Amino acid sequence: MAKSEPARARHVAIIMDGNGRWAKKRHLPRAIGHQRGVEAVRRLVRGAREFGLEALTIYAFSTENWRRPEEEVSDLMALMKRFILSDLDEMAENNIRLKIIGDYKAFRPDIVELIEGALARTAANSGTILAIALNYGAQDEIARAATRAAAKGAITPETIEAELDTADLPPLDLLIRTSGEVRLSNFLLWQAAYAELWFTPVLWPDFTADHLKEALDAFATRERRYGGR
């Protein structure tokens, strides 16, 4: 009997954790850690294209992140603007389609305008989808999806799934978390029901395309059962 092909991940999600600890270890301000974290995002987007991923979803700003000190939230907003302004040309040229999950319209009007401009500019692209979770929480997403499903009729797993922020993405195959923490932190709870999980002690600013390849190679060795035997 011929050997089956190894599993290939189509959709990978990443909880990008460890920016603050990376900075603390080096006696640097947390803002520097977040800056280096943006550089890691840039590397990973390029790696996603190289490895043929259809979708990469990254957890950039959660609904809980508003509880952080005002200065840190302001730094994160500034970095978000800088990332869009500096990387949009590259995304457009490399056929990457930007998608946002979560309620990004809760941000300042200037950031909302930038995001909507970036979404419009990449909307026709057909390559890797970069989905950025902004002002996102999975429990909120599920509640919103269930409310919309109920307004249309019966509530079933299928009708809820059709209303999720990720409804137009491939099913989630692999969820990665950096920094050694082993929890989902209200990220893609519905989508992760049968996703493979991969945890690494590497702090996010140090995460590279080689680490992504390591995770994808590990994924390829796993037998996905979906509750079967």
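Please treat every number below as a calculation from the coordinates, not as lab data. None of the values given here were measured: they were computed from a predicted structure. Glycine gets a Cβ as well: all are built from the backbone with ideal geometry, and neighbour counts include every protein chain shown.
Tabulated data for the structure shown
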read-out: Length-normalised contact order of the chain in % [C-alpha pairs under 8 Å, at least 6 apart]; value: 31
read-out: Estimated Rh, segment 94-197: Kirkwood, alpha-carbon pairs, angstrom; value: 15.2
read-out: Full-extension gain in nm, GLU113 to PHE51, via 0.36 nm per residue minus C-alpha separation; value: 19.2 nm
read-out: Lysines whose Cα lies under 16 Å from that of LYS99, excluding same-chain neighbours fewer than 8 positions away; value: LYS81
read-out: Where labels lie 7 Å past Cα in the beta-carbon direction, separation of LYS152 and GLU71 in nm; value: 4.7
read-out: Spin-label pair ASN94/ALA120, simplified geometry with 7 Å Cα→Cβ offset, distance in nm; value: 2.5
read-out: By average C-beta atoms within 10 angstrom, highest first, the peptides 80-91, 128-139, 106-117, 163-174; value: 128-139, 163-174, 80-91, 106-117
read-out: At R0 = 22 Å, FRET efficiency that the Cβ-Cβ distance of ALA78 and SER185 yields, to 0.05; value: 0.40
read-out: Gained length - ALA220 relative to ARG42, 0.36 nm times residue gap less alpha-carbon distance; value: 61.7 nm
read-out: FRET efficiency, 1/(1 + (r/R0)^6) with R0 41 Å, evaluated for ASP168 and ILE32 via beta carbons; value: 0.70
